[in-house]
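Before any comments, here is the structure.
The values are calculated or read from the model by the stated rules, or taken from the named source; none is laboratory data. Keep in mind that what you see is a predicted model, and the values were worked out from it rather than measured. Ideal geometry is used to build each Cβ from the backbone, glycine not excepted, and the neighbour counts take in all protein chains shown. Heavy atoms of the whole protein, side chains included, go into the accessibility calculation; ligands, DNA and RNA do not. Shrake-Rupley method; radii C 1.70, N 1.55, O 1.52, S 1.80 Å.
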Amino acid sequence: MAAGRVLVYGGRGALGSQCVRYFRSKNWWVASIDLAENADASASVVVRATDSFPEQAEQVTAEVGKLLGEEKVDAILCVAGGWAGGSAKAKSLYKNCDLMWKQSVWTSTISSHLATKHLKEGGLLTLTGAQAALSGTPGMMAYGMAKGAVHQLCQSLAGASSGLPSGSAAVAILPVTLDTPANRKAMPDADFSSWTPLEFIAETFYNWMTGKDRPSSGSLIQVITTGGKTELVSAAHL
């Protein structure tokens, strides 16, 4: 019998794949939700690419409902996302905004609705924000707006009438830079000791899901790595 049950939205990305492997190693049942199947997961929901948010949201919601039936999950981890640069003057602004909404806002919104349907009482929903979006992001306008929306969503979900199950928590992680193969390829000369290892994030989620050091609902938790050491710092404490 599985030790617990978790949905990983973005389960084929670098962080999502790490989470899938980590939770499988702990004998958890793990479902991946992404544009492609994750063979390491217990089950996969494949998202159909579309320019219509309601269409994609309804498809994912229906397929997750079919997969889970009456079963509830202990956690929903939304680790989907991406990055795009550019100021308000950039020719790519509109295209990048569209991409950032799809990768961060659509996925976070769908994950939040899934939590109202399938999360256990006392369960955990995590969203992925960005430390940079705590202030202005003139050189990455679309990214900052999308992540700012995720922060607002997380804080709204903490409200008593948000629709989340009793005793559950919505927490956003706000990384600076994650240590992924794509980031290493894009920035080969960067200081990797200031990048957060994916294992640290997966382990942090596991701790929160099993009741260890779980932040209060609505928390925006900065993930700050310096000299190879990572700390979790609540944005509210700055």
Checklist line | Amide H contacts of S219 (H built 1.01 Å from N, under 5 Å, at least 5 apart or other chain) | finding: A172
Notebook entry, point to check: What does a probe at S25 reach in region 197-224, counting residues whose amide N is under 13 Å from the point 7 Å along Cα→Cβ?
Noted result: 198-204, 206
Note to self: Mean Kyte-Doolittle hydropathy of -0.5 or higher plus an axial Cα length of 20 Å or more: which whole DSSP H helices in the chain meet both?
What the structure shows: 53-68, 141-157
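Rounded to the nearest 0.05, what FRET efficiency do L35 and S135 give with R0 = 22 Å and r taken as the Cβ-Cβ distance? Could you check?
Result of the calculation: an efficiency of 0.10.
Treating only the Cβ of Lys, Arg, Asp and Glu as charged (+1, +1, -1, -1), what charge dipole size does the chain show about its Cα centre? Round to the nearest 20 debye.
About 180 debye.
If I take R0 = 35 Å and measure r between the Cβ atoms of S161 and M187 in this structure, what FRET efficiency does the formula 1/(1 + (r/R0)^6) give, to the nearest 0.05?
On the way: r = 43 Å, r/R0 = 1.22.
With a Förster radius of 35 Å, E is 0.25.
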Next item on the list: Whole number in Å², please: accessible area per residue of the chain, 1.4 Å probe, ligands, DNA and RNA not counted.
Entry: 48 Å²
Checklist line | Apportionment of accessible area to carbon and sulfur, the chain, percent (1.4 Å) | finding: 53 percent
Check: Picking from M209, A190, T225, whose Cα lies most toward the positive end of the charge dipole for region 185-226 (charges on Cβ: Lys, Arg +1; Asp, Glu -1)?
Finding: M209
Check: If one computes the Cα centroid of region 53-103 and of region 171-204, what distance in Å separates the two points?
Finding: 21 Å
Notebook entry, point to check: Amide H to amide H, which residues 5 or more places from S168 or on other chains are under 5 Å from it, using H placed in the peptide plane?
Noted result: G122, G123
Notebook entry, point to check: Amide H neighbours of S44 under 5 Å, counting only residues 5+ apart in sequence or on other chains, H built in-plane at 1.01 Å?
Noted result: S32
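Report, in deg cm²/dmol and to the nearest 500, the calculated mean residue ellipticity at 222 nm for the chain, where each DSSP H run with n ≥ 4 adds -39500 (n - 2.57) and the sum is divided by the residue count. If you can, show how the numbers build up before the last one.
Details: 7 runs with 83 residues, N = 238.
After summing the helix terms and dividing by residue count, I get -11000 deg cm²/dmol.
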